[in-house]
Amino acid sequence: MSVILEKSTTSALVLFSGGQDSATCLAWALERFGRVETVGFDYGQRHLVEMEARQAVRAGMKTALPQWADRLGDDHVVDLTGYGRIAESALTADRKIEMDARGLPTTFVPGRNLIFLVAAAALADRRGLEVLVGGMCETDYSGYPDCRHETMEAMARALSLGLDKPVVIETPLMWLTKAQTWELADRIGGETLVELIIEDSHTCYQGDRTHRHAWGYGCGQCPACELRAAGHAEWVAGRGAQT
């Protein structure tokens, strides 16, 4: 969801997993807001490399975007391991990645983004942060209903009612393909930011950091890797066509 921000809006809380999408969203937020904090969620995900990637990308962001380094504020981690045990999936348990009876991938964690947004809204309220920023995307997503634009609109309304104040949820990637997400990162931070995303961000569902590809590290076979690889190839091809 994208809204016209008031000029007085100066701070944001980025839902930050350490993956390609959230890294791009963090750069997008640093470009726009005077104060940016990040929040990550430990929901019992099998691969702790995701939590490690968060810190590597955060640290590298100050080098990649030095002009906005002083805008990057505190990082927060919320313990949601109890929720993760309830909403078991291929991301939290040793299960095969496949389609379930509803036609959803077994990597789908029921209500994950909804839980994340509730926790983030509560944190933002206490921290005085005005906008929530998330990497949800409807154009290039792996079948997750909690990534849809309509879901984000409903959550913004519910949170606004529940907190008795306007809650703004910005999703700058909502209508972008993965190729366009690479393009956005390149526009914001050029080669330095793109290299940071390739080297330090983590998206692979298998937690693979041993295989290095042109687009970054991953198994190369899970749905997340396939989307990332295809998007990178399309972006590189588009750049070549322009030169």
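Points worth noting:
- By average C-beta atoms within 10 angstrom, highest first, the peptides 164-173, 61-70: 164-173, 61-70
- In this simple spin-label model, placing a label point 7 Å from the Cα along the Cα-to-Cβ direction at both GLU191 and ASP74 gives a separation of 3.9 nm.
- Exposure proxy for ASP42, ASP208: other Cβ atoms within 10 Å of each Cβ, ordered fewest to most, give ASP42, ASP208.
- Annotation: peptides 13-25, 114-126, ranked by per-residue average of other Cβ atoms within 10 Å with the highest first, follow the order 13-25, 114-126.
- Local net charge near LEU132, Cβ-Cβ under 12 Å (Lys/Arg +1, Asp/Glu -1): -3
- Residues whose amide H comes within less than 5 Å of that of HIS76, counting only those at least five positions distant or on another chain, are THR38, VAL39, GLY40 (H built at 1.01 Å from N in the peptide plane).
- Here's the picture: a label point sits 7 Å out from the Cα of GLU153 along the beta-carbon direction, and within the range 170-190 the residues with their amide nitrogen under 19 Å of it are 170-176.
- Local electrostatic count, PRO172, Cβ distance below 13 Å [Lys/Arg +1, Asp/Glu -1]: -3
- Computed lengthening from THR63 to HIS211, 0.36 nm per intervening residue step minus Cα-Cα distance: 50.8 nm
We did not get these values from a lab; they are worked out from the coordinates using the rules stated. Worth saying up front: this structure is predicted, and the values here are computed from it rather than measured. Note that each Cβ is placed from the backbone with ideal geometry, even for glycine, and that neighbours are counted across all protein chains shown.
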